[in-house]
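Student: Structure provided below as C-alpha cells; questions to follow.
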Amino acid sequence: MSTPKTNLFNFNTSTNSSSWQIINDGVMGGVSKSTLQITNDGHGLFSGHVSLANNGGFASIRHQPNFKDLDQFTHVILKLKGDQKNYQFRLKASTQQRQSYVQEFKTNGKWQEIELKISDFYPQFRGQQLDMSNFNFNEIQEMAFLIANKKEEDFSLLIDQIMLR
C-alpha cells in the first residue's frame with residue numbers, strides 16, 4: 001500500500017503564473033533575470049539568466065499557499081525536468097519568518113520525481129546556514145525554487161507538480 005500524496009501545487013494549462021512571484025538578486029543590486037511561463041503542455045517554465053554582476057547571483061520564484069496539518073507527511077515530492085543544474089527548494093512555515101528552510105537538488109535533464117525529506121530542510125538566511133533546528137512546523141505558507149550556483153549561467157526548469165507524501 002502506498003502512502004497517500006497531497007498536491008501543494010499542480011501546474012496545468014489554466015494555471016495563473018501570477019500566483020508565483022519572481023524574486024531575483026535585483027533586491028540587492030544584482031541584474032539576474034528570470035520568468036515563469038506556463039507552457040502549451042501545462043508545465044511551469046522557470047527560466048532565465050543568473051548574473052554575478054553587481055554582487056548578484058540568484059534567481060527565484062515563490063508561491064504562498066496556506067497548507068496546514070502537515071503531521072502526516074514526511075516528504076515533499078517535486079515532479080520536474082531540469083537542465084542538469086542544481087536548484088534549491090525552499091519552505092517557510094510563516095511568511096513572517098526571515099529564514100527559509102532549504103534543500104538542494106540536482107536535475108538530470110529528464111523528467112524526475114525528486115523526494116525531499118521534510119525534516120532535512122535546514123534553515124538559511126542570505127545564503128548562510130543558521131544554527132537552528134531543521135523544519136519542524138505543521139504548516140507551509142511559502143515555497144520557492146531558487147538557483148544560485150555561484151556562476152553566470154542560463155537556466156531552465158520545467159515544473160509539473162509539487163506534492164506531499
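The values are calculated or read from the model by the stated rules, or taken from the named source; none is laboratory data. Computed from a predicted structure; not experimentally measured. When we count neighbours, we look across all protein chains shown, and the Cβ atoms used for this are built from the backbone with ideal geometry, even at glycine.
Student: Could you check the range 38-54 and list, in sequence order, the residues that are in contact with a strand residue (DSSP E or B) (Cβ under 9 Å, 6 or more places away or on another chain) and either more than 18 Å from Tyr87 (Cα to Cα) or in a loop (DSSP other than H, G, I, E, B) (or both)? Write out each step before concluding.
Tutor: Start the filter on the range 38-54 by keeping residues that are in contact with a strand residue (DSSP E or B) (Cβ under 9 Å, 6 or more places away or on another chain), which leaves 38-39, 41-51.
Once the filter is applied, which keeps residues that are in contact with a strand residue (DSSP E or B) (Cβ under 9 Å, 6 or more places away or on another chain) and either more than 18 Å from Tyr87 (Cα to Cα) or in a loop (DSSP other than H, G, I, E, B) (or both), the range 38-54 yields Ile38, Thr39, Asp41, Gly42, His43, Ser51.
Student: Let me ask you something else. Could you list all residues from the range 1-22 that are in a strand (DSSP E or B), touching a residue at least 40 places away in the same chain (Cβ under 8 Å) and under 15 Å from the mean Cα position of the chain (by Cα)? Walk me through it before giving the result.
Tutor: Filtering the range 1-22 down to residues in a strand (DSSP E or B) leaves 6-10, 20-22.
Now drop any that are not touching a residue at least 40 places away in the same chain (Cβ under 8 Å), which leaves 6-10, 20-21.
Asn7, Leu8, Phe9, Asn10, Trp20, Gln21, listed by residue number.
Student: Among (1) polar (S, T, N, Q); (2) crowded, with 17+ Cβ neighbours inside 10 Å; (3) free of Cβ contacts under 8 Å to residues at least 12 places away in the same chain, where does Ser32 come up short?
Tutor: (3)
Student: A further question follows. Report whether or not Ile61 is under 15 Å from the mean Cα position of the chain (by Cα), farther than 25 Å from Lys150 by Cβ, crowded, with 18+ Cβ neighbours inside 10 Å and not charged (D, E, K, R). It would help to see each step written out before you state the result.
Tutor: Working: under 15 Å from the mean Cα position of the chain (by Cα): yes; farther than 25 Å from Lys150 by Cβ: no; crowded, with 18+ Cβ neighbours inside 10 Å: yes; not charged (D, E, K, R): yes.
So Ile61 does not fit the description; no.
Student: Separate question: When residues of the range 70-80 are filtered for being of a type in the set (D, E, K, R) and more than 13 Å from the chain's Cα centre (by Cα), how many remain? Full working, then the answer.
Tutor: First, pick out the residues of the range 70-80 that are of a type in the set (D, E, K, R): 71, 79.
Narrowing the set further to residues that are more than 13 Å from the chain's Cα centre (by Cα) leaves 71.
Looking only at that region, the number is 1.
Student: Next question. Could you grab me the full set of residues in the range 116-147 that are part of a strand (DSSP E or B) and over 13 Å from the mean Cα position of the chain (by Cα)? Step through it out loud before you land on a result.
Tutor: Within the range 116-147, the subset part of a strand (DSSP E or B) is 116-117, 122-125, 128-129, 139-140, 142-147.
Across the range 116-147, the qualifying residues are Lys117, Tyr122, Pro123, Gln124, Phe125, Gln128, Gln129, Glu139.
Student: Also, quick follow-up: What's the number of the only condition in (1) loosely packed, with under 12 Cβ neighbours inside 10 Å; (2) assigned to a strand (DSSP E or B); (3) among the basic types (Lys, Arg) that Arg98 fails to meet?
Tutor: Evaluating Arg98 over (1) loosely packed, with under 12 Cβ neighbours inside 10 Å; (2) assigned to a strand (DSSP E or B); (3) among the basic types (Lys, Arg) leaves (2) as the failure.
Student: Oh, and also: If I go through the range 65-93 residue by residue, how many of them are in contact with a Phe, Trp or Tyr (Cβ under 9 Å, 6 or more places away or on another chain) and either farther than 19 Å from Gln128 by Cα or at pLDDT below 95 (or both)?
Tutor: Taking the range 65-93 as the starting set, the residues that turn out to be in contact with a Phe, Trp or Tyr (Cβ under 9 Å, 6 or more places away or on another chain) are 65, 70, 76, 78-83, 85-93.
Retained after the next criterion (residues that are either farther than 19 Å from Gln128 by Cα or at pLDDT below 95 (or both)): 65, 70, 76, 78-83, 85.
Summing the residues that are in contact with a Phe, Trp or Tyr (Cβ under 9 Å, 6 or more places away or on another chain) and either farther than 19 Å from Gln128 by Cα or at pLDDT below 95 (or both) in the range 65-93 gives 10.
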